[in-house]
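*Asks:* Pasting a structure below so you can have a look.
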Amino acid sequence: MKLGLHSVRAWSAFSSLGVAWLVCGCTGSIGNVGDQDGLGSARDPVVCKETPGPVLAPLHRLSRTEYERGLRQLVGDSLVDGAADQLRTLPSDEAEGEGDFSRMDHRLSSEHVGAHYRVADRIATQLSQDADATVAAFGDCARANPDEACLRSALPGFLRRAFHRDPTDDEIQNVIDEASSFSAGERIHAAVFLTLMAPDFLYRFENRGEEVSPEVVELTGFELASRLAAHFWSGPPDDALLDAAASGALDSEEGFREQVDRMVAHPRTEATVIGFFDEWFHLHRPPFGTSPRLEVLRDGTDMTGLSEAMRSEVHELLRFHLDQGDGFREALTSRYSFAQDPRLATIYGVEPWDGTSSPPMLPEGERSGILTRAGMLYTEDGSTNPFRRGAFLRRSILCDAVAPPPADLPPDALQRPPTEAGASSRDQFAAKIVEEPCASCHAQFTSLGYIMEAYDGLGRYRTEERLVTVEGNDEGTAAVDASAVAAIEGRDEPAVSGPVALSQAIADSPKANACFASRYVRFTYRREIVGEDQCVADRIARELEGGQSMREALRSVALDESFRLRRLEP
Amino acid sequence: MRFDRFSRRLFLTGAGGTVLALPWLSSLLPRSIRREVGAQPASIPKRFVAIKTYSGAPVLDWYPRQAPPGYSTHGVDGTVVASQRLAEPTGRHRNGNQYYGHSAPLSDFAATGVSNVFTERLNPHLDQMILFRGLDFMPGINHNHGGYLGNLGLNTDGLGGAVSGAQINATIDYVMSRSPNVYPSAPAGPRVFHLGSRPNTASYAPRDLNNVLAVGLGSIERAQAYVDPRAAFDAALSLVMPGQMAGGEPGVSTRLIDRVIDDYRAAMGGPHLSAADRMTLDRHVTHLVELEDRVNGAAARACDASSRPQAIDSGREFSVDPATITSLFDNFVDLIALAFSCDVTRIVTLDVTKMVVEDGGNTFGLGDSEDATSSGRSNWHFQAHEWDANAQRWLGQGARWVAERVVLRLLDRLAEITETDGESLLHHSLVMWSNELSFNHLAYSIPTATWGSAGGFLRTGRFIDYIDHQQPIRFRQHEGSAIEGVQFNRWLVTIMRAMGLSPQEYERERGRGFGEYGTVGKDDGHAKDYDQSNVGQVLPDIMV
C-alpha cells in the first residue's frame, strides 16, 4: 500500500509562501537584529500546516565519504585500497559557513571529475586483472570469456549494486554494446569503468517516482532506500534495504518503519549522529599548543592528548543520553562525568569513569550539561575570550542571528585587550566595547560569554582568574564575575548567576530544541533550510518540547512524510 | 538498437521535445562551436603564479626602512618613499589635480636587501622583481578570500559574506584559464592548479565555465586546493608520465570518456529534474569534455616527471610542525616548476596559510584559520590581533620565511629552466605574492610583489609606490597609513593584459576593467578619491 499523499497535494497550495531571512548589519539602529530585542528569531514567521510539506532536494553529488563507501561496497576493500593514491586526489568536502556541515558541500569541479576518472580507471584495471575479483563481480564466466551472454547475466546484479536500483534493459544493453566493442581482455575493464563513471553512481537521483504535483515527486522505493542510507549512514543502502525496496516492503508504512528502526540501531548511524554533533559544536578545534601562557597555566599537567580526551568525553555524554532515551534538554543539564582520562577527571573533581559502570556525578554547582564540558571550552593557549564564547552560544546553540562586525571598524577594534594585573578578562573585554558602534552589537552575545568566564581556557572551574600574559608573566589573580543577564529570550530577564544556571536557562528555552531541530534538518537535507522547509524543523522542535527523546527526534526526520517526497526547485 | 557515438550525440542535440525544452545548456553545442578560434598560440607560453598570505601582513617589514640614494623618507609616515615621479599620471583627483606614483630601482638595495622580508637572499632576482605599494581594494571589505584575484565583493562568511552593493565575480585565474591566449589547446593538467596548506582556496570558479564573467553569489563557487603534494602531482602530471597516456595507444578508459559524456547528456533529459539539476549535469558534461581533451592532448606530451613526491599529511589549519610545513611547501614549489616545465598547466595558485617562525633559536609554526575560534602562539590570525611586540616580530619573521623559503625557492627553480629563446622560464612568467589585506585588516595598500616580466611585458627591477603622498593621511593603524594609491583593479587588468588577454575577455562593461571598483562600504573617513575614469587601464608606467 502506498503512503497517503493527500496532505502533499494540499501542501502545494502553500508553495508560494516565502521567507525573507534577515540580513543583519550593525549599522544604523545597531542591535535591532531579528526583533525589537535584537536577540530574536532569524526569520519571519512561516505558516506551517500540521503535516509539513516536502523539502527542496537538489540533485545530490555523492560526498567523498559516500563515494568511497559506495566503491567499497561494490568492489571490496582491497581494490579500493589499491586506488588510494587516486582517491586522494578527490577534493575533501568542507563546511563553509556558520551552521554548515561538510555534507552540504555540493561543489563540482574539474578536480572532482578528474579524480573520478583516475579512480574508475585504476579500479577497472585492478579488477580486470584480478581473476578472483573479476569472478566476484561478474561470475565464473567472466574469467574465461566475458562475452555478451556472460555480461548479460552478470550486469543486472553489478549495476544494481552500483546504482542501488534495478537497471533498465537499455542501461544493461548499452554497457554490453560498449564493452563488446573491446577485446575480450578489455571488456570487464570497460564495463567497470562505465559503471563507476555513470551519473547514477556519482549522483543520487530522485526523479523516477510518481509526480504528485507539478513540483513534488514521490520517491521510488529504491530512491527512498538511498536517501535513508545517505542520511543515516552517509553511505549506500545495504542488501536488506535494497531488497525491501525491490519487494515493495519499503512502500508500506510497516515495512518502512521496520527499516528505519533497523538503521537507527545500526552502529553506523551512531557514528553519523556523533559526526553531526561534532560539526555543530565545533569540536574539531586545534589541540593544546605550546605557549608561554599555557606553560604557566597548565601547572605541570602533561597536555599530550588531553584535548582529544576532552572531545571524547563530549562524545560519551552524547552517546549516554542518546542511549538513555533522553531529550536534548537532559544533555544540556547532565551532571554525569564521562571523563576517563585521569587528568580530565581531576579537572572535573571526580574519579575517572571506567567506561561501563554508572558514570560519576560532577560536583554540584560547578558544571551542568554539555556546554560546561572542557571539550567545549578549552583553547589552544589556555586563554579565554568571552566574546567568542558568547557569540558561539548565541549563534550556534540558540540559533539567533548575530550581526557580523562592520567592515569599517575603528582602529585596533579587533585587537585583544592585554592582560593586566588587577583586571579580569571580563573587565578588560568589557572596556573595549563601552562606546558605539561596539556596544550595541556586542549586547547581542557578550553577556553569555561573561557567564562562561567561570571556566578557564583549560576548562577548569574557577572563582578567581589567574592572570597570565601572553609572554607567560603571572600577574596575580582577579575575582571572576559570572553573573549577567543572559537575555536568552529578551533583555528584561533577571540576571543569571553562573554557567549551571545558564545551562538550565538555555535548556528551559524553546530556542535550544528549535536550534537542535533546525540544525538537524539542515544536516539531513544538506542545504540551508528556508521558507516552508522550516516547518519540518518546527514540528521536530515541538515534539522535543513535548518530551521526545533525541534519538526519537533523529528518527522522526525520516518518519516524517516529507522525507519520502522531493520538492523540485521551480 | 545501438547508436554509434556520433549519431547518438546528434540525436541528443536534435531530438527536440524534451531536450530542446531544456534551458540553454552550453555543453550540448558541438565542440567545434564551443572552442574559441582565431587565437594563435604564443611561441613561448606565459605562466602565472599567485601566492597568497593572510591577514596580519607586517607592512613595515615588507617595505624598505632605510633610504638609499633615489629614495626619501616620508615626513609623517616615516616609511621610505621612491623619489622618481612616474612619467604617466595615476589620474586626477576630484579637484582636478593630476597625481602620480613614484619609483626607484631596486638595485639600490643590492648591498642590503630590500626590507626585513625581502632580504639580501632574494637579491639574485632583484632585476626580475617589482615591489608595489599603494594597490588599494576599492570596496570596504574585511576578511575575504578572493580579493587579491579580483573577487572584491565578498567578505568571509563570518563577516557577513557579500558586501552590500558590490559586484561578486569569479577570480582572474579562472578568467585567464578560459582564454585561448593562455591555453590555445587543452592542457594535460588542470587549467588552474590550486595548491595550498588548506583545502579552501582564495579563488572562485564560475559555475558556468562558458560564462566566466557572470556575477552574483550564485554564479561562482570556491575552488579547492590540493593539500598533499603527492595527490597534486598525480592530478597534474599522471597523464604525461612515461608509461601512462603519453606516447602510447589510448587505453580503454580513455576511449570511453566520450561514451560517459553521452550518459550525462542522456541523464539531463530525464524526468523530474529542476533547472538547477540539469545545470549540475551540464557542468559535469563540461568537465568531462575538458577531461577528454586533456587526456587526448596528453598523448603528445610525454614528460620525464619521475620525481613523484611522498604523500604529506600536514593536518588541519593548526597542525604547525615546522618540518612538515617546510617539506610541504618545498614539495609544492618543486611541483610548480615541474608542472610548468612539462607545460601541463600555466596558472597556479599557492595559498600559504602556514609559516615557520625562527625567533632567537626558537622555531615554531604559525597557522591561519577561517574559523579562528582558538588562540595562541601558533594562531596566525590571533597574533595579528594581539599585535604586541611578540606578534609583530613573529609575523615579520614568518613573512620572511615565506620570502626566503617559498618564494625564493620558486624563483630559483624557474630561473634554472631555459626556454627556447634563451630566456628563463622566470622571465616568461609572472609570479605574484600578495595578501588578503593590509595593515590591521584594512583594504589599503595591499602588500604585493612580483617577479618575472611575463615575457617582457612588465618593466621589472623597480619599487613602484602608487600612494599619492600629496594627499592627507586619513588615518593610521599598525604603522600603516590610509592614503589614496591606485585601484587594485588596475593591477588585475595589468596581469591579464600581461598574460595576453584582450579587454573583451575580462570586461563586462567596456573600459571598466575587472571586478568591483566602487568604494562600496567606505565612508568619508576613508581614502576614496580615485580617478575611476581609467579604472580599466593597466597601471601607469608599468609596461616595457
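*Asks:* Report, largest value first, the span of the C-alpha coordinates of the stretch A:60-204 along each principal axis, in whole Å.
*Replies:* That gives 55, 30, 23 Å along the principal axes, largest extent first.
*Asks:* Now a separate question. For A:V47 and A:D170, what is the calculated FRET efficiency with R₀ set at 56 Å and r taken between the beta-carbons, to the nearest 0.05?
*Replies:* The calculated FRET efficiency here is 0.80.
*Asks:* Follow-up question, since we're still on this one. As a footprinting exposure proxy, order A:E178, A:E543 by other Cβ within 10 Å, with the fewest listed first.
*Replies:* Details: A:E178 22, A:E543 17.
Ascending number of Cβ neighbours within 10 Å: A:E543, A:E178.
*Asks:* Return the subset of A:K511/B:K354; A:K432/B:K522; B:K52/B:K522; B:K46/B:K354 for which the Cα-Cα distance in this structure is over 30 Å, preserving the input order.
*Replies:* A:K511/B:K354
*Asks:* Next up: Relative to the Cα centre, what is the charge dipole magnitude of chain B, using +1 at the beta carbon of each Lys and Arg, -1 at the beta carbon of each Asp and Glu, and rounding to the nearest 20 debye?
*Replies:* Its charge dipole is roughly 1240 debye.
*Asks:* Report the rotationally averaged projected area of the protein assembly as shown based on its alpha-carbon convex hull, in square nanometres.
*Replies:* Over every viewing direction, the Cα hull of the protein assembly as shown projects on average to 43.4 nm².
*Asks:* Enter the per residue convex hull volume of chain B, computed from alpha-carbon coordinates, in Å³ rounded to the nearest integer.
*Replies:* Once divided by residue count, the hull of chain B is 159 Å³.
*Asks:* Using the count of nearby Cβ atoms within 10 Å as a rough guide to exposure, how do A:W233, B:W394, B:W451, A:W280 rank from fewest to most?
*Replies:* Result, fewest neighbours first: A:W280, A:W233, B:W394, B:W451.
*Asks:* For A:T477 paired with A:E420, estimate the spin-label separation in nm (one decimal), with each label point 7 Å from Cα along the Cα-to-Cβ line.
*Replies:* It is 2.2 nm.
*Asks:* Could you please report the charge total around B:E221, scoring K, R as +1 and D, E as -1 over all other residues with beta-carbon less than 9 angstrom from its beta-carbon?
*Replies:* Numbers: positive: A:R107, B:R207, B:R222; negative: none.
After counting each charged neighbour, the total is +3.
*Asks:* What length, rounded to one decimal in nm, is gained on full extension from A:E98 through to A:A136, with 0.36 nm per residue of separation minus their alpha-carbon distance?
*Replies:* Extending this stretch completely gives an extra 9.2 nm.
*Asks:* What nm value, rounded to one decimal, do you get for the distance between B:A389 and A:E253 when each label is placed 7 Å out toward the C-beta?
*Replies:* 7.6 nm
*Asks:* Given R₀ = 60 Å, what would the calculated FRET efficiency be for A:D261 paired with A:R143, taking r from the Cβ atoms and rounding to 0.05?
*Replies:* 0.90
*Asks:* Something else about it: Once you put a point 7 Å from the Cα of B:A276 and another 7 Å from the Cα of B:S502, both along the Cβ direction, what distance in nm separates them?
*Replies:* Taking the two extended label points, one gets 3.7 nm.
*Asks:* Take every DSSP beta bridge whose two residues both sit in chain B, then give the antiparallel share in percent to the nearest 5.
*Replies:* Antiparallel: roughly 60 percent of the beta bridges in chain B.
*Asks:* Sorted from largest down, what three extents in whole angstroms do the Cα atoms of the stretch B:429-544 have along their principal axes?
*Replies:* So the three principal-axis extents are 39, 33, 25 Å.
*Asks:* Excluding A:F523 itself, what net charge comes from residues whose Cβ is under 9 Å from its Cβ, given Lys and Arg +1 and Asp and Glu -1?
*Replies:* Values: positive: A:R103, A:R519, A:R522, A:R526; negative: A:E279.
Neighbour charge sum, excluding A:F523 itself: +3.
*Asks:* Now, a different point. Sort A:K511, A:K432 so the one with the fewest other Cβ atoms within 10 Å of its own Cβ comes first.
*Replies:* A:K432, A:K511
*Asks:* Using just the helices of the protein assembly as shown, give the 222 nm mean residue ellipticity in deg cm²/dmol: DSSP H runs with n ≥ 4 each add -39,500 (n - 2.57), and the total is spread over all residues, rounded to 500. Spell out each step's value before the answer.
*Replies:* On the way: 42 runs with 410 residues, N = 1114.
-10500 deg cm²/dmol, from helical runs alone.
Read-outs: derived from the displayed coordinates by stated rules, not from any lab. Every value quoted in this text rests on a predicted model; they were computed, and no experiment measured them. A quick note on method: Cβ atoms are made from the backbone with ideal geometry, for glycine too, and the neighbour counts reach across all protein chains shown.
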